[in-house]
Structures are given as structure tokens and as C-alpha cells.
Amino acid sequence: MTDPFESPKRKLVRAKQHIYDFESCFRTFRDGNPYVQIAEPDADVPDNVVHKLQLAKPLPSSLDLIAADIVNNLRTVLDQAVYAVAIASGHDITHASFPFRETPVEFERAVAGKSNYLPQEILALLRTFKSYKGGNDLLRALNDWCNADKHALLSVAETATVRIHTKVQSTGFMSIPTTPTWDRGKHQIVLFTTGPSTEKLEYDMSFSLFVFFDQIEAIRGKEAISVFYAMAAEVQGILLALEAECERLGFVK
């Protein structure tokens with residue numbers, strides 16, 4: 001008998017490759033110094049100058065497409081893993097799905113509804129994954145993302161953090177924001193403001209750029225690459241757990 005889990009395993013490998021592609025694409029963009037420093041008159045005090053860091057070019061257009069490939073492959077792993085269990089346990093079916101639902105009650109009903117092609121031991125294992133809202137939010141985010149992707153791509157957004165260390169060699173005015181905040185609309189961040197008599201300003205700056213997807217509530221504002229690796233780890237854990245239970249039950253060797 002061939003490995004019934006070969007297909008979901010290959011899908012998982014493909015998903016991980018897409019994660020590497022996403023990370024490589026973004027890091028190539030980020031490491032290419034895609035930003036410029038600009039100076040503009042202060043809208044409130046025109047004699048002062050606001051110094052900013054601004055993206056000089058847009059994020060790579062392929063990021064949202066790669067992200068869609070990641071989540072769809074990961075989501076498929078889960079469905080194919082359940083199908084693999086059904087086939088391994090001797091059932092003749094054409095398809096199976098992983099139980100995603102909104103509430104615990106709906107989730108339990110969905111798990112119980114698979115009893116005609118999944119052993120009770122597997123149903124008990126599926127219950128531990130808690131793939132409902134408020135149960136396993138990472139799994140829910142994965143499912144919600146795939147559902148949203150059926151209608152349109154989710155857009156990637158950027159954010160940034162900056163740390164500035166300065167040494168002012170004059171008595172002129174100089175101000176640094178207490179908490180520098182990235183302006184997503186203008187794709188820029190304020191570094192500091194200087195007055196007309198500020199001279200010989202020296203500073204060191206560390207700048208970090210991140211990307212995220214904020215259309216899915218459970219992962220809103222979270223750094224995208226970390227989310228993808230966490231999702232892949234979660235899916236891999238489920239796949240391995242289902243395979244191990246099948247081995248314990250004697251369905252596969």
C-alpha cells in the first residue's frame with residue numbers, strides 16, 4: 001500500500017517553499033534600502049523642519065500572490081490529511097474535509113458527522129484541535145484567509161519601527177517623537193524635528209520594516225513571516241498527529 005499521507009506531505013513541502021519565497025522576496029526588497037530621507041516644513045511651525053523616512057518604491061506586487069499560495073496549500077494539507085485517514089482506515093469516499101466551524105457546538109456537530117468514515121479515536125483527536133472561533137485562532141485565521149481568497153486577494157501592508165540616537169552640537173531646537181509611528185497612508189515615519197538654529201546634528205538610526213495582513217482579525221497587525229511559519233508548524237503538527245494515530249491503530253505502517 002502506498003503512503004496515504006503522501007499528498008498532504010507534499011502539499012506541506014510546497015507551502016513551506018512558498019514561505020521561503022515570500023521571505024526571500026521581502027528581504028531582497030528590504031535590504032535594497034527602498035527608502036529615502038526627506039525634510040519638510042513643519043505644518044504647525046513653518047520655521048521648523050520635519051525629517052522623515054519614506055518608502056521610495058512600493059512593496060513587491062508578488063507578495064500577496066505568494067501569500068495566497070501559502071495559505072491555500074496549508075489549508076489543503078488539512079483536508080487531504082482527513083481524507084488520507086479515511087482511506088487508510090478502509091473507507092471508500094471521494095472527498096473529506098477538516099472540521100472548521102464558528103462555535104464549539106457547531107464544531108462538535110461537524111466532528112460527529114464524520115463518524116461514518118472516521119474511527120472514534122480519530123474523531124477524539126480532531127476534537128483536540130479546536131478549530132473554531134475562540135479555540136485555535138491560528139487555525140481559524142488560516143481558514144478565514146482561504147475563504148476570503150476565494151473572492152479577492154488580501155492586500156499586504158507595511159509598518160516600521162525606528163530607533164534614533166542623537167548628538168546635538170548646538171543650542172537649537174530638536175525634538176524626537178516619543179513613539180515614532182509609521183504612517184501607512186503616506187508610507188513614511190517621522191524621525192525628528194529641528195529648528196532654524198539647529199546645527200551639526202549627528203545621529204545613528206536603526207530602521208526595521210515589516211509586512212502584515214490586517215484583513216483577518218486573529219492575525220491583524222502581526223508580522224506576516226512569523227505568522228506563516230507558525231501556521232505551517234500548526235498544520236504540520238496536525239498532520240503528524242493524524243498519521244501517528246493511524247500507525248497506532250494499525251491502518252498504516
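At a glance:
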{"read-out": "Yes/no for Glu243 being without any contact (Cβ under 8 Å) to a residue 24 or more places away in the chain, closer than 30 Å to Tyr20 by Cβ and either aromatic (Phe, Trp, Tyr) or in a helix (DSSP H, G or I) (or both)", "value": "no"}
{"read-out": "Identity of the residue in region 160-202, touching a Lys or Arg at 6+ places or on another chain (Cβ under 7 Å), assigned to a strand (DSSP E or B) and not aliphatic (A, V, I, L, M), that ends up modelled with the highest pLDDT", "value": "Gln188"}
{"read-out": "Meets criteria (out of contact with any strand residue (DSSP E or B) (no Cβ under 8 Å at 6 or more places or on another chain), of a type outside the set (Ser, Thr, Tyr) and surrounded by fewer than 12 Cβ atoms within 10 Å (Cβ to Cβ)) for Glu6", "value": "yes"}
{"read-out": "Members of region 228-253 found to be more than 32 Å from the chain's Cα centre (by Cα) and surrounded by 14 or more Cβ atoms within 10 Å (Cβ to Cβ), listed by number", "value": "Leu249, Phe251, Val252"}
{"read-out": "Of residues in region 89-146 being in contact (Cβ under 8 Å) with a residue 60 or more places away in the chain and in contact with a Pro (Cβ under 9 Å, 6 or more places away or on another chain), the one surrounded by the fewest Cβ atoms within 10 Å (Cβ to Cβ)", "value": "Ser89"}
{"read-out": "Test result for Gln17, closer than 27 Å to Asp214 by Cβ and either in contact with a Phe, Trp or Tyr (Cβ under 9 Å, 6 or more places away or on another chain) or β-branched (Val, Ile, Thr) (or both)", "value": "no"}
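The values are calculated or read from the model by the stated rules, or taken from the named source; none is laboratory data. What you see is a predicted model; the values in this text were computed from it and never measured. Every residue, glycine as well, gets a Cβ built from its backbone with ideal geometry; the counts of neighbours run over all protein chains shown.
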